[in-house]
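Here's the structure we're looking at; comments come further down.
The values are calculated or read from the model by the stated rules, or taken from the named source; none is laboratory data. All values derive from a computational prediction rather than experimental measurement. Neighbour counts run over all protein chains shown; Cβ positions are idealised from the backbone, glycine included.
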Amino acid sequence: MNGFIAEIIGTMFVILMGNGVVANVLLHQTKGNNSGWMVITTGWALGVFVGVVVASPFSGAHLNPAVTIALAIAGNFSWALVPSFILAQFIGAMLGALLVWLVYKDHFLQTKDPNLKAAVFCTSPAIRNTSSNLFSEIVGTFVLIFVIFHFTNAEMGTEKTPVGLGSLGAIPVAFLVWAIGLSLGGTTGYAINPARDLGPRLMHALLPIPDKGSGNWRYAWIPVIGPIIGSALAALLYLYFKA
């Protein structure tokens, strides 16, 4: 499996599990309906674990444009590969969102609130405040990237496994995502990944979901730009301390 395919499959699993747990909690007549934020954050963390386990031997398991860009800024990943990795991540995110819709299709039909349907695909702020929402995404992604660098010495490039523990190396990354969700996710839903938000948001627009609403496209730039800024700041600070 080459790196491009690994990023597609790994990101697909992240979104299948992550957006899947949101669907299980929010959509009507599911077994997990109303089970709460702890279930959502745990599901996302374990989804990241699954994606990293699958992709790490082949691509380093970036699974996030913010990770790819940060590694390139830090000099540990080729800028020439950045566009193809980001493309793969968006393809994987869209495929994962499609699978979630197919799995929960009956429950989308049972759910009347368009906001709940949209939340399965993409993030939205608890309180709309552009500067605060952007800051939240910057801080959350900064924590993600800066800590990942210290897990791995910025070695999540091709043919690298986090922490050097084989598949178990995915566990610290999963705990990190879990911690970010529990501590910082209450403001915007902690996208911390442009592909995780924009890819499924596009699928929300494309899929034939009855009464699905607009998808809140006015907000869509924040979970893209915020993580990129946060990742760049984390990479630059890492380089500063490393120098």
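If the condition is being small (Gly, Ala, Ser) and either more than 17 Å from Leu198 (Cα to Cα) or part of a loop (DSSP other than H, G, I, E, B) (or both), then segment 88-132 contributes Ser124, Ala126, Ser131, Ser132. Of note, Val103 satisfies the criterion of being among the aliphatic types (A, V, I, L, M), in contact with a helix residue (DSSP H, G or I) (Cβ under 8 Å, 6 or more places away or on another chain) and surrounded by fewer than 22 Cβ atoms within 10 Å (Cβ to Cβ). Mind listing just one residue for me: the one in segment 213-243 that is of a type outside the set (Phe, Trp, Tyr), over 16 Å from Thr188 (Cβ atoms) and surrounded by fewer than 18 Cβ atoms within 10 Å (Cβ to Cβ) and, of those, modelled with the lowest pLDDT? For segment 213-243, the residue satisfying everything is Ala243. Screening Phe85, Phe77 for residues that are among the hydrophobic types (A, V, I, L, M, F, W, C), in contact with a Phe, Trp or Tyr (Cβ under 9 Å, 6 or more places away or on another chain) and outside any helix (DSSP H, G or I) leaves exactly one candidate, Phe77. Looking at Ala55, is it closer than 16 Å to Thr123 by Cα and part of a helix (DSSP H, G or I)? In short, no.
Condition first: under 17 Å from Ser231 (Cα atoms) and surrounded by fewer than 24 Cβ atoms within 10 Å (Cβ to Cβ). Can you find one or more residues in segment 83-96 that meet it? Before you say what the answer is, go through the steps one by one.
Keep residues of segment 83-96 that are under 17 Å from Ser231 (Cα atoms), which gives 83, 85-86, 89.
Remaining after also requiring surrounded by fewer than 24 Cβ atoms within 10 Å (Cβ to Cβ): 83, 86.
Among the residues of segment 83-96, at least one is under 17 Å from Ser231 (Cα atoms) and surrounded by fewer than 24 Cβ atoms within 10 Å (Cβ to Cβ), which makes the answer yes.
Residue count for segment 217-234 satisfying the condition of being more than 18 Å from the chain's Cα centre (by Cα) and either farther than 25 Å from Val100 by Cα or in contact (Cβ under 8 Å) with a residue 60 or more places away in the chain (or both): 1. Just one of the listed residues (Thr42, Thr30, Thr11) is of a type in the set (S, T, N, Q), on the phi < 0 side of the Ramachandran plot and not in a helix (DSSP H, G or I), namely Thr30.
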